Structure formats: structure tokens, C-alpha cells
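Note sheet for the following structure.
Just so it is clear, none of the values below were taken in a lab; they were calculated from the coordinates. Here the structure is a predicted model, which is why all the values come from computation and not from measurement. Every residue, glycine among them, receives a Cβ derived from its backbone with ideal geometry; neighbour counts consider all protein chains shown.
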Amino acid sequence: MKPYDEVFGAVFDAAKKIGAKDVEANLEDGASLGIRIFKQDFESFDLHNTRGIGVRVLNEGSFGYAFSESFETEALEEMVRLAFDNARLSPPNEVNALPALDKTPEPKMNLFNEELDKTPVEKKIELAKRLEKAALEADPLIDKVSWATYGDGSGLTRVANTNGVDRAYRSNLAYAVVGALAKKENDVKSGFDFKVTRNFREINPDSIARTAAKRAVDMLGAQVPASGSYPVILTTRAMISLLSVFSAVFSAKNVQMGKSLLAGKLGQTICKTGVTIVDDALLPNGYVTRPFDAEGVISRRLELLTNGVLNSYLHNTISARKDGVASTGHAARGGFKGSVEIAPSNFYIVSGKMKPEDLEKSVPEAIRIEELQGLHAGCNPISGDFSSAASGFLLKNGEVAHPLNNFTVSGNFLKMLDSVDGVANNLEFLSPSGSSCFGSPTLLVSGLSIAGK
Amino acid sequence: MVDLEILKKALDAALSNGASFAEIFVEDKVINSLTYLDGGLEKSICGRDHGAGIRLFYGNRCIFACTNDTSENGLVKTALTAAKAYRESRGDVNINLVETKLNSPHKILIPVTAVCLKDKMDLLRRADKKAREYDPIITQVEAGYHDSVQNILIANSEGLVVRDTRTRTRLGVAAIATFRGEKQTGSERHGALKGFELYEKNVPERLAEEAAREAVVMSKAEYAPSGEMPCIIENAFGGVIFHEACGHSLETTSVAKGTSVFANKMGEKIASDCVTAIDDGTTPNEWGSTATDDEGAPTQKTVLIEDGILKSFMVDKLGGLKLGLPSTGSGRRESYHFAPTSRMRNTYIAPGKATLEKMLEGIELGLYAKKMGGGSVNPGTGDFNFGVSEGYLIEKGKITRPVRGAALVGSGQEVLLRIEMVGNNLAFATGMCGSISGSVPTNVGQPAIKISKITVGGRK
């Protein structure tokens, strides 16, 4: 007995009635809470309950999709019929198929923290209030708190298909984030920090607030750097911003559609300094760890780049059939309304051996980039080019000379990977983005274009 | 969608703990989305959203809850859960719901529900063919069609009841050119609050040609220069500059918290004298227009800046309450999943008199940004960034070679004061804008503008 057996029953019955033999249904039922505090009172309090089901139906060699937020039998039947009919619009292709039942045992995971689920709402409000207060008190130069938020969410995902796949899991996650504004005369700078966890007690509002405040205050008096080519220290946050856009080059679908520069490069050295990139859906305590992917294919740990050599792309069932390989368990849907695509899970650059301070001392002058903004505008995963607004610090012999902002850093992602001069030992992950979560240590890159004055 | 008696019961439940205001936003939306890739229809998704968002105010505190269950039981239960988040003592309120009839200026000639999927797919087939024929170096084309019919019903404790139906459709084409082992992209899209009549007059072919042209030009472009220089930003999507550099900072979303750089600047000069900027939700059938906003207030034409002076913010109900300002009909939300907040609609810089020739005069080295990509802003500091998707060098007063990979960065307050000239060729472009109330359709627009100095992030 799994939750929503009647709904799945109705969907598969409807499919039988119209002669749809290959059907996959993906249901999500989620609830979330968001509390925003302003001036020690709550500014907003959001309670979301959403659920829906999406189907993928194979008809004459091609897939059609439909979804419904109504679980009434007529709505479910209409949904199956729509998907069955609109499948015929696409050209048939023998690679279109649903995964067979994977005989690998489903990994046992505990992704639902009972204590978080039972934490009373008053404690959550108190935490968010504490976050705001701590940020304002962290430094006399902190003028305002732009936002202080606590949120959590829980959900059930169930995937079933006509090949006998039927899997479900529950998960929950909480986060706290604070953004502070530091002000000195007319100079205003912002800084933020956050925590993501399944364990409510791990959220330390004072620590998050201090970090956010320090980031804002440290940027006061920022100058615009002189334009030129510099060695660049990419901090975890900056590198993760780039990974979140450029991980698209590893998608087998993008490779097959002529949208990735990694086409034809399996087995080749992409990065001569020997960087290793891993995607691990089984990562213990990973924020997007899951037992199976959006098609119900069992999760695994995958090395995409092993010591700089391209080992594998990310695959779902269709892309894998095109390449004559097995799915790597990276099918993803942007929710029950989306189509089955490919996305990374816990995707990260493996730590190196040096401490970040030693990496910074290894060059006489460098620009340490703390944050990149506007990546959706300035990055092109197809060409690999990026040109992004940045902020950070000028370093001289590993010491901070002064803060920098309103400059851009430009380059090409693959060329940059190939000019990584050092990888530090401080791997860290940031908050999840959809069903993906990115991590990186600090990196030293030999020469990137900086545009300022 | 939902009977008035049920709405009243749910509103009463929402007010049961002393809330000062309650609102229910019911939504039923049918969408069709088709994607063409690799020369054939890659996917087609149809679906239906259905649910309600219930919002309450306790003073300036906003409680929001949403549910898919719009039965009497479902709505009352959700309203009570939301109401329990706080408590105030307040006398009984008698809600008298009276429906306001909307006179929408947005006429639909060919409903999208009357057009079969095959005809919609044909637009993509035509676009794909045209883009591939444009040049042999075009190696991939991706085209997307999307339409939606959104029915909404808003009722609130002030007795307001209003319904609206929004039909929207859009078509986008992206082309990839592969040249000497490198790939470059070009894209173009068009959308409106219209029916299928939007696609008359060879729209698919025109979008495809433009996307392919941009990809080809950029694949043969060198890298953009770096440093501060004068910049001419062409019309239409160039308006994203104003949207990011100024627009978001004028929404009461951040102004009401004092976290916008323009929060205390009403009546002051925040832009050059030649800049007049408007946010208009009333223009018939434009992508960012609606007949009523998502809180039931009539949309308006709001003059934000006049001859450089800040004249108005974009105000939603809650923002207006906090600042003591009337709503400008700017309350918007992506769906019933979100509480509304002040957002942009069709935002543009009004046309001036300058010509391109006049703007080019005197520029030794500069950038001509023919087409902009997207961008973002930090409203608290005013720092913004944009991508230039098609750029050219300006050398000694002439537009010369194409350049690629440039980003423009700077401070919103500074760039507004550095707009030296405003051109005469106003045009609009469609986009999706993201913020705390979700992703909403917005237009940006402007004529060509000349900025005296801006930081260009290139590679040389």
C-alpha cells in the first residue's frame, strides 16, 4: 500500500481503456512554510500545499505529456487521453521507451526528519526573529536587514510505470537565510548567508547573521579594479554559480543535440591539472540525495571527470538508448508538470590537498571572487562563454588589500577548467536549486579577463 | 468557478481570528506547450492548474496559504489554518460581496482553444525550416510555442468580487551556429495577451530569420573590449536596462522596507532630464497587460519618472498600506501559489528626439549593444548587470565590427544620470520577470539610448 493508490489506479485504468500500453505517472504532494521577519514582527507567513500528477504516454513510438492538479476521475482520464493524443504529433523514434524495472535493490535512506516535522511553528518564528536581531547587532555598521527568512518543506514523490516500476519516498528540508545592508556615509553594501539542513537544531542564527554582516561590512569602500588579465581565486560560492549554469555541458541530451562543447570528448583530457568532478545521488547528508531518479531508475555515484579525463555524461533512459549505454539515473522533471529531462543531483568538484590560504599565498597578486551575479544573463552554456558581474577582494601575497565590486569577469568555462592551477581542500555545498545541488572547493585559475576601469 | 456563498464562508473563516483583511484568489488555467528540437516535435505538454490562494492581513503582517481543494470544505479549512497564525481582537465584520463587471480592452479574435495542436506545431515547423535555411553554419534550432488561458476569480473582505480571463501566447526561436569549433547562439521571441491572431504576417519566419542572423553574426565576432566606455543601447529589449537598473527598485516590495536605493527619493531628480519612464498595464493586448491586477484593482498607466524626477512608485495593496499610498494596480502574482506583490507590467522609457547618427558623434571607442540578454539587480545597493547578446564596436563615430561575450555592470543610480540622449524609435520586447511573487510576463521597451559611460566586461 502506497499513498495515492486510488489515483494511480484510476490513471492506469484509464490508460488500459484507451489502449495506452506504456504509461508512466509521477505524483508529487508537498507542503511548505515560509516566514519572513521584518522589524521583529512577521512580514509574511506562507503556507503552501500543492499536489499534482503528470503522465508520460508512449504512443506509436513517441511520448506525449499531460498533467493535472485535480484528482477527480474525469480529470485524470482527460489527462491520460490528452497525453495519448498529443504523442502522435512527435515523430516516432525507437529510442523512446520507459525504463524496465531495475533489479538493483532500492537504497534505504532516511530523508525525512521527524523532529523537523514536529517542530512547533513558534520556534520557527523565534528563530527567524533571532536571525534579524543578530544581524543588526553583529556590527555597528549594519544599517538594515533586507530579509530574514526561515522556511521548510516536505514532500512525497511517487513514480510508477507499466513495466512494474513503483517507487516512493518522503523527504523534508529546512533553511534560514539573512541578508544585511552595511552603510558608511553614502556607501551601501550587502551580504547574505544561509543554512540548509534536515536537522532544525543545526541552524545557528547567530553564526549565519555574523557571516552575512561581515560579508556586507567587508565590502564597504570597494573599488573598481583596473581591467586586465589576473590570476583568480574562485571561492566556493563563485565556482558554484558557474557550475550551476555550466553543468549543462555534461548532459548527454545537450551533447546529442549539438548544444554541448563536450561532444566527442569521452576519454579525452578536459582539464590538464587533473580535476575530478562527481555527481552523487547517494551522497550521505546531501541536500538532494534521493533513492531513484524521475523515471524510478536507482541512484548511484558517478565520476564525470576523473583526474581531468572525461569519463561519462549524465543520462536518462532515452539519451542512454541513443548512445547504447545504461541510464546513469539522472532523469529529472521540473516537478510533475515538466517533461523528463536530465539534471545533476549532488554535483561537485572533489577537494584537493592545499588549504585555501596557501593557495592564495602561492601567487603575488590575485583577485578573489566571492560572488557572481547575473549569471542567467551573462553565461551561455552552449558556447561556454561567461561574462558576469562580480565582487570580491584584491589579494597581494595572500593578504586582502581592499574590496572590489562593479567589475566583470569573463572567460570560457572549458578553457577555464583547463587552466585551473590549484584546488583547495574546503569542499562546500550551497543550497539546492530544483533537484540539483552544487559544491566546490576554492580554486585558483591562472588568467581570467577582468573588466573594471 | 466557486459560488459567492462559498467565498463568503471562506472569507468569514479567514477573519475569524481578528484579521483586518482577507482575500481569496481562485485560479483555473489550461496550458499548451510545444517544443521543436532537432528538426521535429520534441515534446508536447498539456495541463490544467487549479487552486486557490488565501491571504490575510493582521495590520501589516501578511499570512498566505494555498490549496488545490476549492470545495467549501477545502477553502474554509485552509482559511482557518491561515487565520490561526496570529490573533487580534476585532469586532464582527459583515462582508457583502458585490461583483464588479470588468470592461476589458483586451479583445481576443482567435481563441487558442479553437486551434488544434497540429496548427500550433506548424508554426514551429515553419520557424525551424526558415532558421536552418538561413545559413549552412546553423547546426541546431530549438523553437517553443506556449499558450495559456487563465481564469481567475478574486473576492475580498471589502466586498470586492472580480473575474478575469487572460489568454496569452508566445513563440520563441533559438538558433545555434557552429563555426571553427565554437558555438554561438541567437534568439528572438514574441508574445502577447492575444489569441492566435498574433501569428499572422509571417511571425514564425521573421523570428527564425532574426535568431539565425544573430547566431551567424556572433559566431564570426571577436571578443568585446573591457573597461569604461560610452554605450548606445538599441531599442526594444534594450529596455531591460531600465527594468533592472531602476524598475525593481521602484516596486513598493523593497521601497516599503526601506531597502531600495530610491526609497526616500520621491520628488527628487534620479535620472537625466531627457528620461521619462512609464509602467503601463492598460495597453491593449500587450504581453504585460491585464484588465485587473491580481488583487482585483484596475490596472493603470503609471508615470514613474518625468523629465528625470521621480514621480511614483509601483504600488500594490500591502505596499500602499505600509507607505500610505494608493494602489497603482500593480499587484501581480505568477499563480495561486503566491501572494501578490508590486511588480512591473509594460515598462518603458518614453521616446525623445535623438537619432542614431547624433548618438554616434564624438565616440572614439564605445559599444553599440544591438540586442541585450537578461540581467539582474540588487535593489538594496542598486548594483545591476546585463548580458549583451549582440554587440558591435563603435570606433571614431562609426559602428564597425561585431563583438561577443560582453556584460554591462554598474550602479543603477549612476547609469540613470548618465543617459545623455534618448532616441525616437520606441519599441517593445517580451520577457518573464522573476521576484518573490513568482514569474510574471512583462514587457520592456525603450527607444535607443546613449549612456555616457558604463563598465563593459569583455575579454580584451
Exercise for the section: Please say if the stretch A:146-261 is rounded, prolate or oblate, where rounded means a/c under 1.5 for a ≥ b ≥ c the square roots of the C-alpha gyration tensor eigenvalues, and otherwise the choice is prolate for a/b larger than b/c and oblate otherwise? Expected result: oblate
Completion exercise
Shape descriptor, the stretch B:45-91: equivalent ellipsoid semi-axes (Cα gyration tensor, sqrt 5λ, whole Å, largest first) stand at 26, 12, 7
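Neighbour counts of other C-beta atoms within 10 Å: give me B:454, B:399 arranged from fewest to most. Could the numbers behind the result be given before it?
Numbers: B:454 21, B:399 17.
Listing B:454, B:399 from fewest to most nearby Cβ atoms yields B:399, B:454.
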Problem - Shape call, the stretch A:196-237: gyration tensor on alpha carbons, a/c limit 1.5 - result: oblate
Problem - Within the protein assembly as shown: Cβ-based charge dipole about Cα centre, in debye rounded to nearest 20 (Lys, Arg +1; Asp, Glu -1) - result: 1020
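When the helix-only estimate is applied to the protein assembly as shown (DSSP H runs of n ≥ 4, each -39,500 (n - 2.57), divided by the residue count), what is the mean residue ellipticity at 222 nm, nearest 500 deg cm²/dmol?
Value at 222 nm, helices only: -6000 deg cm²/dmol.
Considering the convex hull of the alpha carbon atoms of the stretch A:230-343, report its projected area averaged over all viewing directions, in nm², one decimal. Please report the intermediate quantities before stating the final value.
On the way: hull surface 33.1 nm².
Directional mean of the projected Cα hull area for the stretch A:230-343 stands at 8.3 nm².
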Problem - Projected label distance in nm at residue A:75 and residue B:98, using a 7 Å step from Cα toward the beta-carbon - result: 3.4
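Using a Förster radius of 30 Å, what is the FRET efficiency between residue A:60 and residue A:311 based on their Cβ-Cβ separation? Nearest 0.05, please. Let's see the in-between values first.
Numbers: r = 36 Å, r/R0 = 1.21.
Using R0 = 30 Å, I get an efficiency of 0.25.
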Practice task
Mind pulling the angle between the C-alpha long axis of helix A:121-137 and the longest principal axis of chain A? Nearest 10 degrees, somewhere in 0 to 90.
Solution key: 20
Fill in the blank from the handout: A student applying the Cα gyration tensor rule (rounded when a/c is under 1.5; otherwise prolate if a/b is larger than b/c, oblate if not) would label the stretch A:58-159 prolate
Problem - Note, ³J(HN,Hα) from phi for the stretch A:98-110, Karplus 6.51, -1.76, 1.60, rounded to Hz, x at Gly and Pro - result: 8, x, 6, 5, 6, 7, 4, x, 6, x, 7, 9, 10
Practice task
Determine Rg/Rh for the stretch A:23-108; Rg is computed over alpha-carbon atoms and Rh is the Kirkwood hydrodynamic estimate from the same atoms.
Solution key: 1.21
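Equivalent ellipsoid semi-axes for the stretch B:118-170, as square roots of 5 times the alpha carbon gyration tensor eigenvalues: give them largest first, rounded to whole Å. Please list the in-between numbers first.
Numbers: eigenvalues 359, 22, 7 Å².
Working through the eigenvalues yields semi-axes of 42, 11, 6 Å.
One quarter of the convex hull surface, Cα atoms only: what value does that give for chain A in nm²?
22.8
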Exercise for the section: Calculate, axis by axis, the spread of Cα positions in the stretch A:314-373 along the three principal axes, and write the results as whole Å, longest axis first. Expected result: 50, 28, 15
Handout entry: Percentage relative contact order, the stretch A:38-159, counting C-alpha pairs under 8 Å, at least six apart
Key = 22
Exercise for the section: Please give the average number of partner chain Cβ atoms lying within 10 Å of the Cβ of each residue in B:451-459, rounded to a whole number. Expected result: 5
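For the stretch A:365-415, what value does the Rg/Rh ratio take when both radii are computed over Cα atoms and Rh is the Kirkwood radius, given to two decimals?
1.05
Specify, per residue and in Å³, the volume enclosed by the convex hull of the alpha carbon atoms belonging to the protein assembly as shown.
Numbers: hull volume 141.0 nm³, N = 913.
In the protein assembly as shown, the Cα convex hull volume per residue is 154 Å³.
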Problem - Principal-axis tilt of helix A:73-87 within chain A, Cα atoms, nearest 10 degrees - result: 80
Completion exercise
The alpha-carbon center of the stretch A:213-231 and that of the stretch A:302-329 are separated, in whole Å, by 40
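Kirkwood Rh over Cα pairs of the stretch B:154-276 into Stokes-Einstein at 25 °C, 0.890 mPa s: D in µm²/s?
Values: Rh = 19.3 Å.
This corresponds to a translational diffusion coefficient of 127 µm²/s.
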Fill in the blank from the handout: Sorted by chain and number, the residues with a modelled amide H under 5 Å from that of residue B:179, at a separation of 5 or more or across chains, are B:184
Fill in the blank from the handout: Over 30 Å (Cα to Cα) among A:184/B:371; B:29/B:130; B:201/B:371; A:184/A:396 -> A:184/B:371; B:29/B:130
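In which sequence would B:62, B:116, A:379 go, from the one with the fewest C-beta neighbours within 10 Å to the one with the most? Before the final figure, lay out each step's value.
Working: B:62 22, B:116 10, A:379 25.
Final ranking by Cβ density, sparse to dense: B:116, B:62, A:379.
Between residue B:355 and residue B:395, take the C-beta separation as r, use R0 = 22 Å, and let me know the FRET efficiency to the nearest 0.05.
Working: r = 19 Å, r/R0 = 0.87.
Computed FRET efficiency for residue B:355 and residue B:395: 0.70.
Report the net charge of residues surrounding residue A:336, where surrounding means a beta-carbon distance below 14 angstrom and charges are Lys +1, Arg +1, Asp -1, Glu -1.
Details: positive: A:51, A:56, A:158, A:333, A:337, B:48; negative: A:24, A:28, A:29, A:69, A:295, A:341, B:49.
Every neighbour counted, the sum reads -1.
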Handout entry: Amide N proximity, the stretch A:241-278 versus residue A:301 label position 7 Å along Cα-to-Cβ, cut-off under 19 Å
Key = A:275-278
Exercise for the section: For residue A:103, go through the lysines and keep the ones whose alpha-carbon is under 27 Å away, minus same-chain ones fewer than eight residues off. Expected result: A:2, A:16, A:21, A:253, A:322
Completion exercise
Measuring from the longest principal axis of the C-alpha atoms of chain A, the long axis of helix A:236-246 (C-alpha) lies at a number of degrees, nearest 10, equal to 40
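Roughly what percent of Cα-Cα pairs across the stretch A:342-453 reach past 18 Å?
57
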Practice task
Sticking with the crude label model, points 7 Å out along Cα→Cβ, report the distance from residue A:21 to residue B:424 in nm, one decimal please.
Solution key: 6.9
Exercise for the section: Taking the dipole about the Cα centre of the stretch A:12-116, with the C-beta of Lys and Arg at +1 and of Asp and Glu at -1, give me whichever of A:104, A:68, A:80 is farthest to the positive side. Expected result: A:104
Problem - Per-pair calculated FRET efficiency, R0 = 45 Å: residue A:115 and residue B:109 via Cβ, rounded to 0.05 - result: 0.20
Fill in the blank from the handout: Of the stretch A:279-317, those with amide N under 20 Å from the point 7 Å along the Cα→Cβ vector of residue A:93 are A:294-297, A:313-317
Handout entry: Computed over the stretch B:183-241, Kirkwood Rh from alpha-carbon pairs, angstrom
Key = 14.2
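Size of the dipole of the stretch A:225-339 about the Cα centre, Lys and Arg at +1 and Asp and Glu at -1 on the beta carbon, nothing else charged, in debye to 20? Each step should come with its number before you reach the end.
Working: 12 positive and 6 negative charges, 46 e Å.
I would put it at about 220 debye.
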Completion exercise
From fewest to most C-beta neighbours within 10 Å, the residues A:139, A:206 line up as A:206, A:139
